[in-house]
Amino acid sequence: LAVMECYYHNVAKFMDEDATGILWWTKDKHFWIEYSSIVRLGIDVSQVEVDVEGDQVTITIPEAKVLSCRVDSDSLTEDSFYLDKNSAPIEAADEVAAFAEAQRKVEETASGDRALLLGARQRAQALLEEYVNNVGRAMGREYAIEWVILDREEPPAPAVSAPAETASPAAET
């Protein structure tokens, strides 16, 4: 459930020393690309559980996380690319490597922003609460909602069935 999009201004840098040349005459590859990344935040809806008992609704949700991170293609123009005047020629693979590393860093930054993730989780909670309240109004009921937040590191526990009864041997007298 994606609930938030954030834009990050980003710079993809690439430096490959001694990329071309012969013996002691070498050239480095050096360029950078300025662009924006779009990061989508939300919760994994497959981990959401809703339990209803009378007018009490318990909703279990995971912490918010980065759902996707992509380059905003509209932010890329011919002015976005900067090639060092002394750079050896660059190749498409160089640009791909620079973008991949820059995107990894953006995703890492967004994943570590606890305030941003908290805001995304709260937005997901507000949407789910609104849904429960709308269903309640349609049914002529008012529900009380209790929230259970799963720890980020702990996946939901699998359902545990009651242990089978074991018969103990009867004592012989």
Are any residues in the range 1-42 among the hydroxyl-bearing types (Ser, Thr, Tyr) and open to solvent by 80 Å² or more (accessible area, probe 1.4 Å), and if so, which ones?
TYR7
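Look through the range 101-134, keep the residues that are part of a helix (DSSP H, G or I) and of a type in the set (Gly, Ala, Ser), and return whichever of them is surrounded by the fewest Cβ atoms within 10 Å (Cβ to Cβ).
Kept after step one, since they are part of a helix (DSSP H, G or I), are these residues of the range 101-134: 101-111, 114-134.
After this cut, where a residue has to be of a type in the set (Gly, Ala, Ser) as well, the list is 102, 110-111, 115, 119-120, 124, 126.
Numbers: ALA102: 21, ALA110: 20, SER111: 17, ALA115: 7, GLY119: 16, ALA120: 26, ALA124: 24, ALA126: 11.
Step by step, filter the range 101-134, then rank; the result is ALA115.
Residues are listed down the side, and each one gets a yes or a no for (1) surrounded by 14 or more Cβ atoms within 10 Å (Cβ to Cβ); (2) of a type in the set (Val, Ile, Thr); (3) more than 30 Å from ARG137 (Cα to Cα):
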site: ASP44; (1), (2), (3): yes, no, no
site: GLU49; (1), (2), (3): no, no, no
site: SER68; (1), (2), (3): no, no, yes
site: ASP74; (1), (2), (3): no, no, yes
site: ALA92; (1), (2), (3): no, no, yes
site: PHE99; (1), (2), (3): yes, no, yes
Pairs needed: first member in the range 91-106, more than 11 Å from TRP32 (Cβ to Cβ); second member anywhere, surrounded by 12 or more Cβ atoms within 10 Å (Cβ to Cβ) and of a type in the set (Ser, Thr, Tyr); C-beta distance under 6 Å; at least 6 residues apart or different chains.
VAL106/TYR8; VAL106/SER37
Just to be sure, is SER46 under 23 Å from the mean Cα position of the chain (by Cα) and not in a strand (DSSP E or B)?
yes
Here are some conditions: (1) of a type outside the set (D, E, K, R); (2) touching a Pro at 6+ places or on another chain (Cβ under 9 Å); (3) loosely packed, with under 13 Cβ neighbours inside 10 Å. GLN56 meets all but one. Which one does it not meet?
(2)
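Look through the range 135-154, keep the residues that are among the small types (Gly, Ala, Ser) and out of contact with any strand residue (DSSP E or B) (no Cβ under 7 Å at 6 or more places or on another chain), and return whichever of them is least open to solvent (accessible area, probe 1.4 Å). Explain how you work it out, then say what you get.
Filtering the range 135-154 down to residues among the small types (Gly, Ala, Ser) leaves 136, 138, 140, 144.
Okay, now just the ones that are also out of contact with any strand residue (DSSP E or B) (no Cβ under 7 Å at 6 or more places or on another chain), so 136, 138, 140.
Details: GLY136: 1, ALA138: 90, GLY140: 71 Å².
This residue is GLY136.
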Given (1) over 22 Å from the mean Cα position of the chain (by Cα); (2) assigned to a strand (DSSP E or B); (3) of a type in the set (Val, Ile, Thr), identify the lone condition not met by VAL71.
(1)
Residue selected from the range 76-90 under the condition in a loop (DSSP other than H, G, I, E, B) and free of Cβ contacts under 8 Å to residues at least 60 places away in the same chain, by the criterion surrounded by the fewest Cβ atoms within 10 Å (Cβ to Cβ):
LYS85
Which of the residues spanning the range 96-118 are within 16 Å of PHE14 (Cα to Cα) and of a type in the set (D, E, K, R)?
GLU101, ARG104, LYS105
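The values are calculated or read from the model by the stated rules, or taken from the named source; none is laboratory data. Owing to the predicted nature of the structure, the values given are computational and were not obtained by experimental measurement. Neighbour counts are summed over all protein chains in view; Cβ atoms, including those assigned to glycine, are modelled from backbone coordinates with ideal geometry. Each accessible area value is taken on the protein alone, full model and side chains, heavy atoms only, with ligands, DNA and RNA left out. Shrake-Rupley method; radii C 1.70, N 1.55, O 1.52, S 1.80 Å.
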